1. Can you report the number of residues in region D:134-159 which are touching a helix residue (DSSP H, G or I) at 6+ places or on another chain (Cβ under 6 Å) and either surrounded by fewer than 24 Cβ atoms within 10 Å (Cβ to Cβ) or of a type in the set (A, V, I, L, M) (or both)?
2. On the given criteria, is residue A:199 open to solvent by less than 10 Å² (accessible area, probe 1.4 Å) and within 10 Å of chain B (Cβ to nearest Cβ)?
3. So which residues in region C:42-89 are outside any helix (DSSP H, G or I) and open to solvent by less than 30 Å² (accessible area, probe 1.4 Å)?
4. Given the options C:288, C:281, name the one that is open to solvent by 10 Å² or more (accessible area, probe 1.4 Å) and either modelled with pLDDT of 95 or more or in contact with a helix residue (DSSP H, G or I) (Cβ under 8 Å, 6 or more places away or on another chain) (or both).
5. Those residues that are open to solvent by 10 Å² or more (accessible area, probe 1.4 Å) and either touching a strand residue (DSSP E or B) at 6+ places or on another chain (Cβ under 6 Å) or not hydrophobic (A, V, I, L, M, F, W, C) (or both), I need them from region B:306-319; list them, please.
6. Given D:347, D:290, which one is within 13 Å of chain C (Cβ to nearest Cβ) and within 18 Å of the chain's Cα centre (by Cα)?
7. Within region C:20-41, identify whether any single residue is farther than 26 Å from residue C:271 by Cβ, in contact with a Phe, Trp or Tyr (Cβ under 9 Å, 6 or more places away or on another chain) and modelled with pLDDT under 95, and answer yes or no.
8. Considering region D:4-41 alone, what residues qualify as being open to solvent by 60 Å² or more (accessible area, probe 1.4 Å) and of a type in the set (Ser, Thr, Tyr)?
Number of protein chains: 4
Amino acid sequence: MASLTSWRALWRDGFLGAAVPAAHGGLGLDMATYVAVIRTIARGCANTAMTVHMHSTVMRFIDALGSPAQKRRYFAEVVERGRLFGSWGSEPAVSLSRTLLMETVIRHDDAGDSDGYVVDGVKHFCTMALGASYYMVWCALDGGGDMAKCLVQALVPADASGIATDGRWDTLGMRATFSPSVTLTGVRVPADAVLGAPGMAVQVGVIEVFALGYAAIYAGIAEAALAFAVDYAKKRIVRPENVAVAMDPTVQRHVGEMAAHLDAALLVLGESAAGWERADALERGLLANKAKYLTTETALAVTSKVIQVVGGRGAYKEFPAERALRDVRTATLMPPTVDRMLEAIGKSALGVETAMFNVAGAPKT
Amino acid sequence: MASLTSWRALWRDGFLGAAVPAAHGGLGLDMATYVAVIRTIARGCANTAMTVHMHSTVMRFIDALGSPAQKRRYFAEVVERGRLFGSWGSEPAVSLSRTLLMETVIRHDDAGDSDGYVVDGVKHFCTMALGASYYMVWCALDGGGDMAKCLVQALVPADASGIATDGRWDTLGMRATFSPSVTLTGVRVPADAVLGAPGMAVQVGVIEVFALGYAAIYAGIAEAALAFAVDYAKKRIVRPENVAVAMDPTVQRHVGEMAAHLDAALLVLGESAAGWERADALERGLLANKAKYLTTETALAVTSKVIQVVGGRGAYKEFPAERALRDVRTATLMPPTVDRMLEAIGKSALGVETAMFNVAGAPKT
Amino acid sequence: MASLTSWRALWRDGFLGAAVPAAHGGLGLDMATYVAVIRTIARGCANTAMTVHMHSTVMRFIDALGSPAQKRRYFAEVVERGRLFGSWGSEPAVSLSRTLLMETVIRHDDAGDSDGYVVDGVKHFCTMALGASYYMVWCALDGGGDMAKCLVQALVPADASGIATDGRWDTLGMRATFSPSVTLTGVRVPADAVLGAPGMAVQVGVIEVFALGYAAIYAGIAEAALAFAVDYAKKRIVRPENVAVAMDPTVQRHVGEMAAHLDAALLVLGESAAGWERADALERGLLANKAKYLTTETALAVTSKVIQVVGGRGAYKEFPAERALRDVRTATLMPPTVDRMLEAIGKSALGVETAMFNVAGAPKT
Amino acid sequence: MASLTSWRALWRDGFLGAAVPAAHGGLGLDMATYVAVIRTIARGCANTAMTVHMHSTVMRFIDALGSPAQKRRYFAEVVERGRLFGSWGSEPAVSLSRTLLMETVIRHDDAGDSDGYVVDGVKHFCTMALGASYYMVWCALDGGGDMAKCLVQALVPADASGIATDGRWDTLGMRATFSPSVTLTGVRVPADAVLGAPGMAVQVGVIEVFALGYAAIYAGIAEAALAFAVDYAKKRIVRPENVAVAMDPTVQRHVGEMAAHLDAALLVLGESAAGWERADALERGLLANKAKYLTTETALAVTSKVIQVVGGRGAYKEFPAERALRDVRTATLMPPTVDRMLEAIGKSALGVETAMFNVAGAPKT
């Protein structure tokens, strides 16, 4: 996770409010600009970009589903006090890539005269656990299995009683996002911690933003990796020929292949972002899928090939290439999977309507 | 080759003047529109698109290199009389993919008081041979080997004496372009048949248009092939399941993969075309290479996979898929090769200056 | 289809009896030798190899399912008289790649005191239609849908009354196999035309031979195509460099890639063939799938790349490369599909039992 | 690096003498068995396999080039005392993938009446630095540039005066091989530390063993990674479907693809090993290149896809998949590169003679 200093810098420069409406003091960036910002941050640090993106997507949910009072309250936390928000969706027994189902239960609080809720469950991949001020926890109302009727997002303060983490996050890449497992046991939240009516979270065209932002992150990592390879190839002179590696035709070939495919992926990403505002939820799913699929394939290929082009030294930790590979291989595991994306893009081309996620309880598409 | 009727229709609708300046009665299309037109024609017939594109590129050479008198004369032939122009560059002993060299010789005519020229040589892949009114023949002045000083384009009338063709064009695809071998023996042309000063043909940012137009053709073929597969998959019901092939997840997967990559290639093509007018010759080489490389790879993959998705019937000649495969596999052999494109794109990314073609006599890049 | 002369030559040399047991006068080749023979024939002519393979696979069904009397009778037709057998399985409304179902009906003949059968139905892709003496027609007894109980193979003489063909076979490749549609209307066959008990055809480890032989054919085509490219590259000298194309590093790279992958595919093919005799039906399905999958992918890649390496002339019909591409792209459409093969290989690795084909009426695996 | 304990175990079981002739007390394994051993070790630990392989290849050089006295002496160190040998070839300013050139200088010792040598230079990627007893250091006699005349291998004891290491080895993968940089300054070695005559090291068919053993290591890593994915997919049950991931058709597809390609690569590896003894140096180069190329491509694809199939948890360090990816991506950087291998395989197919390495001073092939 980015250091406190860098978070303060991001806040000071307004980027924590990138997705907060201008009326609430945020930057209210259009999607094209937002994607460019995330991609730019990712060129420097994919982990920071990921946490900013998770935070920003929570902002979008608040904007889409929150009451005026909720918006005032939570946006002020961000804009005025630099608070960070995380989103906890994954669970140990479910694969979001297959079906969106939450087993974490949210119930009305029976205690006394409370009109609040109690949350119980286990979450995995809890990005920014221990580091943010609020976590948007994805739950099922009363443990129901039909997500269209039961899916609820609750904003849980980090200091709420009953949150415990195993504190473990030892992974291939994206290590600085610190995303351990978290257990919520009888966590009490007030009534106004819940966003919108049950089931709304998958209907308002916001859940699709996750994937679009991931695409921007993969693109940024790949750009930085390729830039490193180009720089290295230009500077490294090998003997006995005494010419730069950049003059090697096979290196030129590999760089050309990477550059051409990355260019194409960036264009698709830009096009998807540019079309976002006028798209409905289904169309946003397609736009995000196209961008995420192409940046996934490209970033995996580029980060692996960059190491190959650089050679043995490409695996040194003092150079950024090996981290780019690890981060991309890890970050591209976020849902939806390549398989699901391909099927969804194909369905769209074939005129078969499909949402980005198979939602438990809904007819499967 | 498109029938006479279709040529007349293209002329009537103005498309033979697509690349003729408006001041000379043509459409004077900007490059983005031109590429869209070629791509659209290719969706219907790749062969027609190819011949229109060859013709149009000759128009661009006349516009870039011709004298005012030459422009008036040749553009009028097209706009007013619907004459077709071809371009003959390839030669049996040279590989343009490696080095641009012409062994066809053009010499000042020694006969009497002529100020004209005599052309001798053999050309391969002479698109529209026997079908056009003029052929732009690529020659070397006095047989010199330094193309920067000797390359000359001569506009030879189809009925000039000394032109003989073997009339053979039996190929995998692009069969209707009818592109046999032609031998020119002592072909006399007037002084004003020659365009510009020797060596200019590779310096004015026109030779790069060939590749950009090819990219538009590959894209159009792939679009039509995919549209056929989608239509077929939606309509074909198989027993005993009694569901459309479109409902098969693996078919959706394949269609999704084709659609995503084709979308990306089309964006790159559009971007390259949109940036054309403000680009210099080197930049145009890069724009065209990126578009041609990505459409080549995509079109080869799409046309092969479409047949696989459709299954056994995909190979029937009554369906368009098998012709799409044959046309793409043939048309993508036009220079520059994939290898050369990748090297050139890579050189550009690595800051090594390079032209689209290695020109004989020039230092190799 | 190979000419009569070549069939006579194949008969004279014993190859029509390649899969006929030695006890019946055939060569009784072990599978490794058989596959080598088919592959060798395919190097010369894929169409001949395909028809020999279809014929030979019918021989295997007779050997596995036939009564002693049937074996004596039909093997003698082949060994002594050089008769050819075809196999007609495909049908217009079914996709064998999805489910093996036959809608062609075979019924006990009600006429008089006949103990024979009547066959009614439509078959597609009837290889050697009009050219063979007998056709093994895949039928469902009384039109039942449970293939485990109803699948029946009847050997129908070519001159039986009620056989009509549309005579159409105009395809991308494998054109010489002449495989039109055939309609059978009230075709009467004697009782001893039926092989084995209903449902046996998919249980005796013979249906899997189809795919193994296809793999040999794809391999043979690819070998011949690569050999052509190598020969061409060595002989073709290009100017102005005056060196053979074979000296071009990118050509070496492409040839190396093709050679390495083809080598691997040939090893897998050989290994599958070598393990055939000791394998049961399920294992044979896996052996054949591995060989067919790898030769499919390799042959598609090799035949396309050979044309690319050779360049424009690679598309000329006077060279074998373009036919290799057309034949491979067509022949690799034979079931099972790449998708089905990958799933089946994966199931085997995952310990999920699966047969080569999904058989209608059986629980889907 | 494997712990001391594991080295003792390997010694006790005879594996440090895997490549030591039986006449000298080693196992004297034939190449097929040796490759199987390295592959098996790599399934458990790629780093141990790599160090055993480096050590064993030094044994082969001693066997091929050493005098009877040298063999007696050094083999006894291994067999009787369990000493480890390393090989230091790489240098900072040279790319072995391009040209084999050594800038580390070995000179006759001028001091007193010594008939020994002095070594000066810098080596990179010094596997087992600090951990072995002897290092085979690749040098140029008197700093000459023609390796065919000057290449010399000297066996330097670990405790020789003048060896200094930066002790840095912080890399993506193969971390336990501990392969830092080493500087040799005026390191004195006795006359009998040098193996064979100058230039012999690249002529005796041993240098090619490096690549064959690497191939065995890549194969072993990939096998272990796939086995993990298969096991995980069979055991992990996801809700709400409550079925094992192994039942997912796309997982089956991916596993099938990995299994098929890995099978093929293993066959090629086995075939190359089986043909080793009867092959000359050029043929060994080809055998090793084919095995290394196919295992490289397969292992890179398999280790990346295994993580994808497993999903988010695939990146956890508690599972072996992420280490497999890191080790393969790092280990496959060892020379020759994919580019060089493809060119060399292609040259062989095209009849252009080529050695595995371009040796400085030799005519480039």
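The values are calculated or read from the model by the stated rules, or taken from the named source; none is laboratory data. On a predicted model such as this, the values are computed, not experimentally measured, just so you know. No Cβ is skipped: glycine too gets one built from the backbone with ideal geometry, and neighbour counts run over all protein chains shown. Protein only, heavy atoms only, side chains kept; ligands, DNA and RNA dropped before computing areas. Shrake-Rupley method; radii C 1.70, N 1.55, O 1.52, S 1.80 Å.
1. Total satisfying the criteria: 7.
2. Answer is no for this residue.
3. The first filter runs over region C:42-89 and keeps only residues outside any helix (DSSP H, G or I), leaving C:45, C:66-67, C:80-89.
Residues satisfying the conditions are C:66, C:82, C:84, C:85, C:86, C:87, C:88, C:89.
4. Of C:288, C:281, the one residue that is open to solvent by 10 Å² or more (accessible area, probe 1.4 Å) and either modelled with pLDDT of 95 or more or in contact with a helix residue (DSSP H, G or I) (Cβ under 8 Å, 6 or more places away or on another chain) (or both) is C:281.
5. The first filter runs over region B:306-319 and keeps only residues open to solvent by 10 Å² or more (accessible area, probe 1.4 Å), leaving B:308-313, B:316-319.
Matches in region B:306-319: B:308, B:311, B:312, B:313, B:316, B:317, B:318.
6. The conditions single out D:290.
7. Checked region C:20-41: no residue is farther than 26 Å from residue C:271 by Cβ, in contact with a Phe, Trp or Tyr (Cβ under 9 Å, 6 or more places away or on another chain) and modelled with pLDDT under 95.
8. Selection gives D:5, D:40.
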